[in-house]
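Please see the structure below; I have some questions.
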Amino acid sequence: MAGSKPCTITMEFTDEKPSTLYTEVTHALTAIPADTAYLHAQFRRANPLPFKQDYAILDGVRGQGHYVGTYLAWGVHNTGWWGEGEIKFFMDGDGEFPTICGTGTEDYFCGSYNFENRETRQYQEFTTPYSGLAQVLRPDGLYQSQQRFGLYRWHIIDPIRFEKDLKVTIQALRWKSDRAVYLPLQDDIASVAYWYQSEPHAPFPKLPEKDALEIY
């Protein structure tokens, strides 16, 4: 925050049992230009994702800025490959069609071939400075139900810039058994979007209640 503006940091504790919280805040007092863009981060979750609905990673952003990162936690409720969906960046007045449209979930996170290691026939974790499949929980093996994935993509060298507004969505799709059409999925998807923008920013949506945040 600029030195001329106040800053408030709050922590909300929702558990029923007592707990201990430790915090450390590091700051610097310095002059900041009036047109400085500030880092924003927004959490969202849908469990389950409504049928035939794209998951909204970010929506309602108004103003000028650039998108710099996505963390996605994906819990699969079906068997089969789950990542045929496209990520879409709607910006600056886009209507039905987005300015940027991806070609598949694994492509956006800089993987390929279903994140599969063809020798082990298992999902293959990988980490790089700007993208990765950082974690896979495999209770039942490749392509089975209840897999859990942690993915990240940082747009550091390729920021997505917008002038007026921004919405980011991703489809949850797999092939049907006949591989003729896609099957919309109703998975457990959570995300954190990171972007810089000039102030003021639009109000954030209310965070989910405690029971809606339960991991199971």
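Set the Förster distance to 35 Å, then compute FRET efficiency between Q53 and F126 from the Cβ-Cβ distance, nearest 0.05.
0.75
Among 7-19, 124-136, what's the highest-first ranking by average C-beta atoms within 10 angstrom per residue?
Highest-to-lowest ranking by the protection proxy: 124-136, 7-19.
Over the chain, give the accessible area per residue in Å² for a 1.4 Å probe, as an integer.
Each residue of the chain exposes 62 Å² on average to a 1.4 Å probe.
While we're looking at this one, here's another question. Between R138 and A37, what FRET efficiency follows from the Cβ-Cβ distance if R0 is 45 Å, with the result rounded to 0.05?
Working from the Cβ atoms, E equals 0.65.
May I have the convex hull volume per residue, in Å³, for the Cα set of the chain?
164
Additional query: Using alpha-carbon positions, what is the distance between the centroids of the stretch 128-180 and the stretch 195-209, in Å?
Between the Cα centre of the stretch 128-180 and that of the stretch 195-209, the gap is 22 Å.
With a point put 7 Å past each Cα toward its Cβ, work out how far I156 is from M11 in nm, to one decimal.
2.8
State, to one decimal in nm, how far the label point of E96 lies from the label point of Y22, with both points 7 Å from Cα in the Cβ direction.
About 5.6 nm, to one decimal.
For Y38, which sequence-distant residues (separation of 5 or more, or a different chain) have an amide H within less than 5 Å of its own amide H, given hydrogens modelled in the peptide plane?
Amide H neighbours of Y38: Q197, S198, E199.
Further question: How high is the relative contact order of the chain, in percent, counting Cα pairs under 8 Å that sit 6 or more residues apart?
Relative contact order for the chain comes out at 36 percent.
For the chain, give the percent of accessible area contributed by carbon and sulfur heavy atoms, probe 1.4 Å, rounded to a whole number.
Of the solvent-accessible surface of the chain, carbon and sulfur hold 53 percent.
The values are calculated or read from the model by the stated rules, or taken from the named source; none is laboratory data. What you see is a predicted model, and the numbers here were worked out from it, not measured in a lab. All Cβ positions, even for glycine, are placed from backbone atoms using ideal geometry, and neighbour counts span all protein chains on display. Only protein heavy atoms, including side chains, enter the accessible area calculation; ligands, DNA and RNA are left aside. Shrake-Rupley method; radii C 1.70, N 1.55, O 1.52, S 1.80 Å.
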